[in-house]
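Asks: The structure's right below; bear with me while I get my questions together.
The values are calculated or read from the model by the stated rules, or taken from the named source; none is laboratory data. None of the values given here were measured: they were computed from a predicted structure. Counting neighbours? That spans all protein chains shown, and the Cβs are built from the backbone with ideal geometry, glycine included.
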């Protein structure tokens, strides 16, 4: 796999992870109205700037991913999506102080090892 293609894959994966962070930021900052109906709550969440930003990042990331899939075998490209778990866990720890204990770090190491094996195949 060429370096530019790997860069596109990593860019797409990073956009996906950043979208998750935007979702969390948007919904954490949002004050829920206890008297709102389910439809109003859903609409309020969807119109939140953080959620809209996350959706925009997902949309752009999907366009980048389509470009990747046009150039790389899906069986070789798709395992890299697992890196979004790694990036999201690290960002969650840095931004939200999410717990990053030994079991999570071990899981992250296994994900990275699996992706490295697929990339070398």
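Asks: Tell me, which helices (runs of 4 or more DSSP H) wholly within segment 30-83 include 3 or more residues that are modelled with pLDDT under 85?
Replies: Filter on segment 30-83 gives 38-46.
Asks: Six or more apart or on different chains, Cβ atoms under 6 Å: show the pairs whose first residue is in segment 44-67 and touching a residue at least 12 places away in the same chain (Cβ under 8 Å) and whose second is surrounded by 15 or more Cβ atoms within 10 Å (Cβ to Cβ) and outside any helix (DSSP H, G or I).
Replies: Final answer for the pair search is 48/30.
Asks: Within segment 52-59, is even one residue within 15 Å of residue 13 (Cα to Cα), surrounded by 14 or more Cβ atoms within 10 Å (Cβ to Cβ) and more than 16 Å from the chain's Cα centre (by Cα)?
Replies: Looking through segment 52-59, none of the residues is within 15 Å of residue 13 (Cα to Cα), surrounded by 14 or more Cβ atoms within 10 Å (Cβ to Cβ) and more than 16 Å from the chain's Cα centre (by Cα).
Asks: Working carefully through the options 28, 14, find the one that is surrounded by 14 or more Cβ atoms within 10 Å (Cβ to Cβ) and closer than 19 Å to residue 91 by Cα.
Replies: None of the other options fit; the residue is 14.
Asks: Would you mention how many residues in segment 1-11 are in a helix (DSSP H, G or I) and under 14 Å from residue 70 (Cα atoms)?
Replies: 5
Asks: Enumerate the pairs (first residue in segment 110-121 and touching a residue at least 60 places away in the same chain (Cβ under 8 Å); second residue anywhere and in a helix (DSSP H, G or I)) with beta-carbon separation below 9 Å, excluding pairs fewer than 6 apart on the same chain, so at least 6 apart or on different chains.
Replies: Between residues of segment 110-121 that are touching a residue at least 60 places away in the same chain (Cβ under 8 Å) and residues that are in a helix (DSSP H, G or I), the close pairs are 119/6; 119/76; 119/79; 119/80.
Asks: Among the residues of segment 72-96, which ones are surrounded by fewer than 14 Cβ atoms within 10 Å (Cβ to Cβ) and over 24 Å from residue 26 (Cα atoms)?
Replies: 73, 74, 75
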